[in-house]
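A quick write-up on the structure given underneath.
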Amino acid sequence: MRKLKKILKKMGMFFLALVVFLVIVAVLFLNFSPQFGGTPNEADRTRFTHSENYKEGVFVNRDGVTMEMGFDKFFKSLTGYFSPQPNTKPERDLSVEKIDSLNIADYEGPTRMIWFGHSTFLLQMNGKILLIDPMFGLVPAPHPWLGANRFSAELPIAMEKLPKIDAVIFSHDHYDHLDYGSVQLLKDKVARFYVPLGVGAHLREWGVSEDIIVESDWWDEIQFQDLKFICAPAQHFSGRGLNDRGKTLWCSWIIQSTKENIFFSGDSGYGLHFKEIGAQYGPFDFAMMECGQYNELWKEIHMMPEETVQAGIDVQAQTIMPIHWGSFKLAMHPWTEPVERLTQKANELGIPWTVPKIGEPIYLNGDKPIQEDWWTNF
């Protein structure tokens, strides 16, 4: 009996030591890993007070919209993650269309976009090369152990082979949009970064010069040579750590030339802001609309596919493209469900849509929209 007590005591001490060790590792990781980015400083916070979206030290959605995650919702969410769900990932790696650096650097044709999956785009417009939410990493998480791998083993082009980039646009600071590793590989070849309020703190922490960072509030208009960028509203939230929720702003973006008008929704629940954007800046030649990683439990901050179609109507888009799908498993729906539901609803309502393969160029010159259901092959 005494021997058993000694064994149990040793086991208890071992597990206690293990818990302490794991806590120390977690604390060190949270405090020293560069993945978590920076924190807006006092001067930043003073500047934020001029924003109508900044209340009591945090950014908020209009009309007080929040994602309320009480115990009931939290339990249902956990149940979904730990219960096997069918078809949440492709059966094999997605194939991608490849493009080389010279094809990009020497391109002089009409405006074109290349989708890298999820919400990442390379946009060539008026002779300029832009990147939108360039998340090129393998896992959308602060550590590879904390997330699942990208659905495609390759990208249309390796980050190291990208030519000089005129501007990078970020919509918010979540890991599936703002990626530390991608910024590290891009920062020395980018002329300018455009971000919503506060996100510049992350870039500064990661070694990006403050001189090339432009922060904007909703409805700010920024002239970039012969293009105009408008930082527009979205209904979402922000944060990369345990205690920084709402410390930076989230947004959608409008990109305009003298002839073309493009809308990028960022991440957003459905709301009145889409009609406001359409009324003020529409119609749009093309709209990249969030459609994926949704759940009825958090529909305040991520649209359901049918809402995505309605949002496209609201912003007065001539053609819509579903984004925020096709790369990562961040929700429990089948991986092709977003595009299937969106295309069905868009067809019912007569809304033109396009769904290119990853890496397949989209041209804004009146070409017929790409509507091949390539995802059924995976």
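The values are calculated or read from the model by the stated rules, or taken from the named source; none is laboratory data. Everything numeric here is computed off the predicted structure, so don't read it as measured data. Virtual Cβ from ideal backbone geometry, glycine too; neighbours counted across all protein chains shown. Accessible surface is based on the protein model in full, side chains and every heavy atom, while ligands, DNA and RNA are left aside. Shrake-Rupley method; radii C 1.70, N 1.55, O 1.52, S 1.80 Å.
What do you get for Rg/Rh over the chain if you use C-alpha atoms and the Kirkwood form of Rh?
Numbers: Rg = 21.8 Å, Rh = 21.8 Å.
Across the chain, the Cα-based Rg/Rh ratio is 1.00.
With a 1.4 Å probe and every protein chain left in place, work out the accessible area per residue of the stretch 187-324 in Å², rounded to a whole number.
Values: 4530 Å² over 138 residues.
Counting only protein heavy atoms, the per-residue value for the stretch 187-324 is 33 Å².
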Handout entry: Dipole axis of the chain (+1 Lys, Arg; -1 Asp, Glu on Cβ), positive-most option in W218, A105, L203
Key = L203
Practice task
Provide the descending list of Cα extents for the stretch 129-237 along its principal axes, expressed in whole angstroms.
Solution key: 38, 32, 24
Completion exercise
Within the set S216, S119, S257, GNM on the chain using Cα springs under 10 Å gives the largest fluctuation to S257
Exercise for the section: Please express the Cα-Cα pair-distance distribution P(r) of the stretch 245-378 as a list of whole percents, one per 10 Å bin, running from 0 to the bin with the greatest distance. Expected result: 12, 44, 35, 8, 0
Completion exercise
Burial-style ranking of 229-242, 313-326, average other-beta-carbon count within 10 Å with highest first, yields 313-326, 229-242
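Is any helix in the chain, taking whole DSSP H runs, at least 15 angstrom long along its axis by alpha carbon and on average at least 0.5 on the Kyte-Doolittle scale, and which ones? Display every interim value, and only then the final one.
Values: long enough: 2-32 (44 Å, 1.62); 71-82 (16 Å, 0.04); 337-349 (18 Å, -1.12).
Helices meeting the criterion: 2-32.
Using a 1.4 Å probe on the protein chains only, how many percent of the accessible area of the chain belongs to carbon and sulfur?
55 percent
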Practice task
Find which of V65, Q184, G359 sits farthest along the positive direction of the dipole of the chain, computed with +1 on the beta-carbon of Lys and Arg, -1 on that of Asp and Glu, about the Cα centre.
Solution key: Q184
Fill in the blank from the handout: Per its Cα gyration tensor (rounded if a/c is under 1.5, else prolate when a/b beats b/c, else oblate), the stretch 144-187 is best filed as oblate
Problem - Spin-label pair R245/E42, simplified geometry with 7 Å Cα→Cβ offset, distance in nm - result: 2.8 nm
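Can you tell me which of 127-140, 359-372 comes out highest on packing, and rank the rest after it, using the mean Cβ neighbours within 10 Å?
Numbers: 127-140: 20.8, 359-372: 14.5.
Highest-to-lowest ranking by the protection proxy: 127-140, 359-372.
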Problem - Members of K187/K357; K187/K345; K299/K368; K299/K345; K161/K228; K55/K164 lying beyond 29 Å, as alpha-carbon distances in this model show - result: K187/K345; K299/K368; K55/K164
Handout entry: Protection proxy ranking of 97-110, 141-154 - average other beta-carbon atoms within 10 Å, highest first
Key = 141-154, 97-110
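Report the gain in length on full extension from D188 to N295: 0.36 nm times residue separation, minus Cα-Cα distance, nm rounded to one decimal. List each step's numbers first, then the result.
Values: separation 107, 0.36 × 107 = 38.52 nm, distance 3.79 nm.
Extra length from D188 to N295 when fully extended: 34.7 nm.
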Practice task
Would you work out which of F263, P233, G246 lies farthest towards the positive end of the dipole of the chain? Charges go on Cβ: Lys and Arg +1, Asp and Glu -1.
Solution key: G246
Practice task
Starting from the Cα of N365, step 7 Å along the direction of its Cβ; do the same at K89; then give the gap between the two resulting points in nm.
Solution key: 4.0 nm
